[in-house]
Amino acid sequence: MTSAVLLRKIAKITDKLSRLQVIGPKSYEEFAGDRSIRDLSAFYLALAIEDCIDLAEHVISQRGYGAPAS
């Protein structure tokens, strides 16, 4: 696994988290009161989680760990 691949995957995660900061409300009340912000936040969070899983799968595969026994 090259560091370039890892850096690209980490950059994707960072991008999603940055987008969350940009759309994030200033207060809890704003967040709770704006369904669009909540939905978009959930979407970017889900994408970031998917990117984290992709990164983990890549590391596991490259290191040859395989599937857990249980």
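Summary table below
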item: Qualifying residue in region 43-55 (condition: more than 10 Å from the chain's Cα centre (by Cα) and among the small types (G, A, S)); result: no
item: Pair list, Cβ under 7 Å, 6 or more apart: region 47-61 residue of a type outside the set (A, V, I, L, M, F, W, C), other residue at pLDDT below 95 and open to solvent by 80 Å² or more (accessible area, probe 1.4 Å); result: H58/M1
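The values are calculated or read from the model by the stated rules, or taken from the named source; none is laboratory data. All of these numbers come straight from a predicted model, not from anything done at the bench. Cβ coordinates were reconstructed from backbone atoms using ideal geometry, including for glycine residues, and neighbour counts include every protein chain displayed. With ligands, DNA and RNA removed, areas are computed over all heavy atoms of the protein, side chains included. Shrake-Rupley method; radii C 1.70, N 1.55, O 1.52, S 1.80 Å.
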